[in-house]
Amino acid sequence: MRLIPLFLIAGFLAAQQPPGFEVASIHPAEPGNLKGVRGGCRGIDSSGGPDTASIPTGRCVITDGRLSHLIGMAWQLKTISMIRNAPEWVIGGDERFTIQAKAEDPKATEAQLLAMLQQLLLDRFQLKYHRQEVEESGYALVASKIGLKMEKSRDDEVTGLGPFNKGNPTVTISAHRYSMAALASFLSTFGPGNVKDETALDGFYNFSLTWNEADGPSVFSAIQKIGLRLEPRKIPVSYFVIDSAQRPGDN
């Protein structure tokens, strides 16, 4: 039997380990000074949207977030409603947390930072979960035959929704450097229900949308004006089911 030197095994295992945070802290937010969850992770390839524009590259900074908010950011869930079986302190209680984390590699990508954030939450909150895959009624976002009525974004534009009015019943957005996947995610939250991007359109676009389900136009008519359609479909939905979670200890 051929023996493999221990230093080669150690080197192989080290190569399999994902990059990690150089330093990371999780602290309870100050109860009397809560301003709502904000922040995120900014990688070398991030677009620098309004939530992360002030965050140094290679870091995750999130303030005033419930664990449900943190899970939603780390696993890129479309809405908090995608989390099931969450204890009250996780999903709707007053307990919020602030995360400050710096990657070992300052050139870490956004995907790498999110993977590190996932591991941080698993470790510090002793988080255990599984996925529940179901099919639900929803819509496919597809390109219409009339052609696109959106302009391609420039590389130097900043991703964002502004102005954004989510009042009831009128919804108005002015999207800048927005992908079709991001639009599908937005419509899943503020539109008719679960929406999956099936446009096959790469890149980023600028567009404006306004709809009012009471007085018109409907979201379906508004989408058609920019050269897209919403078609009823059965949409695969992956729920994040919490098996157990604990409040974090000292850093």
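Counting Lys and Arg as +1 and Asp and Glu as -1, what is the net charge of the other residues whose Cβ lies under 11 Å from the Cβ of Ile146?
+4
Quick one: give the max-minus-min coordinate of the C-alpha atoms of the stretch 134-238 along each principal axis, largest first, in Å.
39, 31, 29
Using the crude model of +1 on Lys and Arg Cβ and -1 on Asp and Glu Cβ, and no other charge, please compute the dipole size for the stretch 134-238 relative to its Cα centre, in debye to 20.
Here the stretch 134-238 has a charge dipole of around 200 debye.
Helix 110-124 against the longest principal axis of the chain: what's the angle in degrees, Cα atoms only, rounded to the nearest 10?
Approximately 60 degrees, to the nearest ten.
Ignoring everything except DSSP H segments at least 4 long, calculate the 222 nm mean residue ellipticity for the chain; use -39,500 (n - 2.57) per segment, divide by total residues, nearest 500.
Dividing the helical sum by the residues of the chain leaves -6000 deg cm²/dmol.
Mind jotting down the distance between the C-alpha centroids of the stretch 196-233 and the stretch 65-86, whole Å?
So the two Cα centres are separated by 25 Å.
Could you tell me which residue out of Leu127, Gly93, Gly227 lies farthest along the dipole of the chain toward its positive end? Charges go on the beta carbon: Lys and Arg +1, Asp and Glu -1, centred on the Cα centre.
Gly227
Once you charge only the Cβ atoms, +1 for Lys and Arg and -1 for Asp and Glu, what is the size of the charge dipole of the chain about its Cα centre, to the nearest 20 debye?
Around 280 debye, computed over the chain.
Top mean-square fluctuation among Leu120, Leu34, Leu187, Gaussian network model of the chain, C-alpha springs under 10 Å?
Leu34
Between Thr172 and Asp105, what length in nm is gained on full extension when 0.36 nm per residue of separation is reduced by their alpha carbon distance?
Here the segment from Thr172 to Asp105 would lengthen by 20.2 nm.
Going by the alpha-carbon gyration tensor, a ≥ b ≥ c the square roots of its eigenvalues, is the stretch 89-140 rounded (a/c under 1.5) or, if a/c is not under 1.5, prolate (a/b greater than b/c) versus oblate? Please report the intermediate quantities before stating the final value.
Working: a/c = 2.17, a/b = 1.33, b/c = 1.63.
Verdict is oblate for the stretch 89-140.
Once you order the gyration tensor axes a ≥ b ≥ c over the Cα atoms, which shape class does the stretch 176-251 get: rounded for a/c under 1.5, otherwise prolate or oblate by comparing a/b with b/c?
Prolate, because a/c is 1.5 or more and a/b exceeds b/c.
If you work out semi-axes √(5λ) of the Cα gyration tensor in Å from the coordinates, which of (1) 35, 23, 20; (2) 67, 19, 15; (3) 30, 20, 19 do you get?
(1)
Using mean Cβ contacts within 10 Å as the protection proxy, how do 188-198, 80-90 order, highest first?
By packing density, highest mean first, the sequence is 188-198, 80-90.
Quick one: angle between helix 6-16 and the longest Cα principal axis of the chain, in degrees between 0 and 90, rounded to 10, please.
Approximately 20 degrees, to the nearest ten.
No value in this document is a laboratory result; all are computed from the given coordinates. Only a predicted model underlies this, so the values are computations on that prediction, with no experimental measurement involved. Here the Cβ is made from the backbone with ideal geometry for all residues, glycine too, and neighbour counts use every protein chain on show.
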